[in-house]
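The values are calculated or read from the model by the stated rules, or taken from the named source; none is laboratory data. Since the structure is predicted, the reported quantities are computational estimates derived from the model, not experimental observations. Glycine gets a Cβ as well: all are built from the backbone with ideal geometry, and neighbour counts include every protein chain shown. Each accessible area value is taken on the protein alone, full model and side chains, heavy atoms only, with ligands, DNA and RNA left out. Shrake-Rupley method; radii C 1.70, N 1.55, O 1.52, S 1.80 Å.
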Amino acid sequence: MDFIDEHQSTTIEQISLSTIIGSLSYALDLTEGLPAGHSLRSCWIGMHVGQRMGMNCRELSHLYYTILLKDAGCSSNAARLFELYGADERLIKRDFKQVDSDSLMHLGRFVLAHAGVGKSLHERVTRIMNLAQNGDEFATELVATRCERGAGIARQLGFDDEVAAGIRCLDEHWNGNGKPARLQGPLIPLNARIALLSQVVDVFHCAGGMPLAREEVGKRAGSWFDPDVVNAFSEVEKQPGFWKGLTDDGLQQKVSLLEPESRVIRIDECRLDTIAEAFAQVVDAKSPYTYGHSSRVAAYTETVAKAMDIPRTRQRWLRRGALLHDIGKLGVSNAVLDKPGKLDENEWEQIKSHAAHSEQILARMSIFSELSFVAAAHHERLDGKGYPRGLSAERIPLETRIITVADIFDAITADRPYRGPIAVPEAIAIMEKERGTAIDGDCLDALKRSLPELAFR
């Protein structure tokens, strides 16, 4: 494979931050169990409302990124949600979006329908009773975890306090019955008020079309929603093309054009590194058993690449791929990721699907077009028995082989739900048995030479 010359110029500065965040928002939709494009559709809705309310360029920019990143913390409560319900947390997240949490009857029906699904009667009853007795406390905990983590990701990405505050207050309601702080009325940032309405409109529009979305907005006006925001929505939703825009194949491009021109931010190499690092944290937060995995794989990848004399610019490029190689796991249930026993056939298919999801997400960005294949193919094997494509050795790039070695090494040496961590010498011995079949021998040798440089937990 040809490498990029170390001194070759880059066009990264020509790519806007909105394009990158908009593309990566598809990963957040996976975590929430929502139809692909939810964050973009919500942004389409919210920006029209914000414009109608007379927000200035700076305020609209804050609104724009609040909505695109509103679910940035969504993976951080996934494991806890699975622990409480004992069922696929993606379905729980998706279905709860349609529940009016002000109604005890609606909440009760939701718990009965989702707690311990597929489990024994005793386990189901135990979970239902626990949620009935402690539901409000659990809900506050889950929302606080999600919102605080999302706000932290926004700050890490370099956004203003206004964006972080909008994400932190996403689930606050106009009547003061929201979470986590039970803020009321104008104490809730306007970008959060608009973001909440926008996501509810999209959820119900996907579930039942325009009539159902309108109906739900009307039901929640004055309770969940700021009446002024509702009035603005009622005006913009009558505009030609508003509803059609939600199903437009070119929605991502249309949304990118909604960002206030004076606030469009072009990214450079450092900003792109930061974005990759932030989304790697989103991925790793999904399960306690993957905490730090992407960062470690990135560190091992960079070290092995250096030992193999890969050009420095290519090392940096490859490190981003390693950071994002598992982004598709956001679409896999914690019921599978955290399962301590053997996976059944359906569960194994879910695990394998993450590689295809990773490629699809990364391929949405031209800057990652090559990297999408290189990173997502990390479970391919030289003997052709890997996934998702079953590629043979000659079709697996060297960069992919490097990520594969780093990924396997971390998988063996890290803690897992079905076993504890394995010592480095034993891990290398295990990997040696896969030399030439799953693992490239040159990459394994480079890893072995690099061991003195690597820090282990």
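Taking first residues from segment 31-46 that are aromatic (F, W, Y) and partners that are assigned to a loop (DSSP other than H, G, I, E, B) and modelled with pLDDT of 95 or more, the Cβ contacts under 7 Å between residues at least 6 apart in sequence or on separate chains come to W44/L246. Just one of the listed residues (L371, L447) is open to solvent by less than 10 Å² (accessible area, probe 1.4 Å) and modelled with pLDDT under 95, namely L371.
For segment 342-357, the criterion of being aliphatic (A, V, I, L, M), more than 23 Å from Y300 (Cβ to Cβ) and open to solvent by 40 Å² or more (accessible area, probe 1.4 Å) is satisfied by at least one residue.
Tell me, please, whether a residue that is of a type outside the set (D, E), touching a residue at least 24 places away in the same chain (Cβ under 8 Å), closer than 13 Å to P388 by Cβ and open to solvent by 10 Å² or more (accessible area, probe 1.4 Å) can be found in segment 301-318. So far as segment 301-318 goes, no, none of its residues is of a type outside the set (D, E), touching a residue at least 24 places away in the same chain (Cβ under 8 Å), closer than 13 Å to P388 by Cβ and open to solvent by 10 Å² or more (accessible area, probe 1.4 Å).
Taking segment 243-261 as the search range and keeping residues that are polar (S, T, N, Q) and out of contact with any helix residue (DSSP H, G or I) (no Cβ under 8 Å at 6 or more places or on another chain), which one is most open to solvent (accessible area, probe 1.4 Å)?
The first filter runs over segment 243-261 and keeps only residues polar (S, T, N, Q), leaving 247, 252-253, 256.
Still in the list and also out of contact with any helix residue (DSSP H, G or I) (no Cβ under 8 Å at 6 or more places or on another chain): 247, 253.
Working: T247: 98, Q253: 114 Å².
Applying the filter and picking the extreme gives Q253.
Filter segment 97-120 for residues that are open to solvent by less than 70 Å² (accessible area, probe 1.4 Å) and over 27 Å from the mean Cα position of the chain (by Cα) and give the result. Matches in segment 97-120: D102, S103, G108, S120. Just one residue in the set D410, D383 is crowded, with 18+ Cβ neighbours inside 10 Å and not hydroxyl-bearing (S, T, Y); that residue is D410. Total residues in segment 314-344 satisfying the condition of being part of a loop (DSSP other than H, G, I, E, B) and more than 16 Å from L24 (Cβ to Cβ): the figure is 9.
Would you mind finding the one in E123, E137 that is of a type in the set (D, E, K, R), more than 30 Å from Y64 (Cβ to Cβ) and either under 26 Å from the mean Cα position of the chain (by Cα) or surrounded by 15 or more Cβ atoms within 10 Å (Cβ to Cβ) (or both)? Lay out the reasoning, then the answer.
Values: E123 fails: either under 26 Å from the mean Cα position of the chain (by Cα) or surrounded by 15 or more Cβ atoms within 10 Å (Cβ to Cβ) (or both).
After applying the criteria, what remains is E137.
For segment 262-274, a residue qualifies if it is surrounded by 11 or more Cβ atoms within 10 Å (Cβ to Cβ), outside any loop (DSSP other than H, G, I, E, B) and in contact (Cβ under 8 Å) with a residue 60 or more places away in the chain, and the qualifying residues are R263, R266, E269, R271, L272, T274.
The set of residues in segment 181-202 being open to solvent by 10 Å² or more (accessible area, probe 1.4 Å) and either outside any helix (DSSP H, G or I) or in contact with a Lys or Arg (Cβ under 6 Å, 6 or more places away or on another chain) (or both) consists of A181, R182, L183, Q184, P189. Do the conditions hold for A151, that is, is it more than 23 Å from L337 (Cα to Cα), assigned to a helix (DSSP H, G or I) and either at pLDDT below 95 or not aromatic (F, W, Y) (or both)? When the stated conditions are applied, A151 passes them. Can you tell me which condition P288 does not meet? The list is (1) in a helix (DSSP H, G or I); (2) in contact (Cβ under 8 Å) with a residue 24 or more places away in the chain; (3) not small (G, A, S), and all the others hold. Answer for P288: the failing condition is (1).
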